1. Enumerate the calculated ³J(HN,Hα) couplings along the range 38-53 in order (Karplus 6.51 cos²θ - 1.76 cosθ + 1.60, θ = phi - 60°), each rounded to whole Hz, writing x wherever the residue is Gly or Pro.
2. Mind checking the range 1-80 for GluC sites (Glu not before Pro) that DSSP puts in a loop (not H, G, I, E or B) and that have at most 16 other Cβ atoms within 10 Å?
3. Skipping prolines and chain starts, which residues have an amide H placed within reach, meaning under 5 Å, of the one on VAL134, given they are 5 or more residues away or on another chain?
Amino acid sequence: MRPYDYIELRIPAKAQYIGVVRLTISGLANRIGFNYDDIEDLKIATSEAITNAVQHAYKEDETGEIVVGCALYEDRMEVMVADHGQSFNFDETKKMVGPYNENEDVLFLREGGLGLYLIETLMDEVKVHHEEGVTVFMTKYLRGEQVDQDVEPITS
């Protein structure tokens, strides 16, 4: 038995389907207990990855698919966005994806903008695999109460 639930979406590489994925991400993140800000971070980062795939993965006359895989753990959500349109084995692909190096020239990702930097800012971990298309692997950890337990309360 896997230690996570896995959900995979296959969408046409068209901008009008980004909203469908955003709604799905929002529902899944809410289900495992993410707060509003973290849900927004997940939606924005995933949207950026999908937008880059829509804009750059396929030629204008080519129809393609984008695969979005989500693994829900007790303490985190992992999202993979693959622009080659092929289904992937989540565990195997996760092993192949390397860490994103901030010092690398990210132009090889065909983004042309700041999308990857935005993704890295919003997510806790970002890894990229770029051999058979581009796969962006993003992790967001579920945070508990964000106030230290030994802080004195303020009284009025």
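Just so it is clear, none of the values below were taken in a lab; they were calculated from the coordinates. Note that the structure is a prediction, hence the values are computed from the model and not measured. All Cβ positions, even for glycine, are placed from backbone atoms using ideal geometry, and neighbour counts span all protein chains on display.
1. These are the phi-based 3J(HN,Hα) values: 5, 5, 4, 4, 4, 5, 5, 4, 5, 4, 4, 4, 5, 4, 5, 5 Hz.
2. Working: sites: GLU8, GLU40, GLU48, GLU60, GLU62, GLU65, GLU74, GLU78; in loops: GLU60, GLU62, GLU74.
Within the range 1-80, the qualifying GluC sites (Glu not before Pro) (loop, at most 16 other Cβ atoms within 10 Å) are GLU60, GLU62, GLU74.
3. HN-HN under 5 Å from VAL134: ASP83, HIS84.
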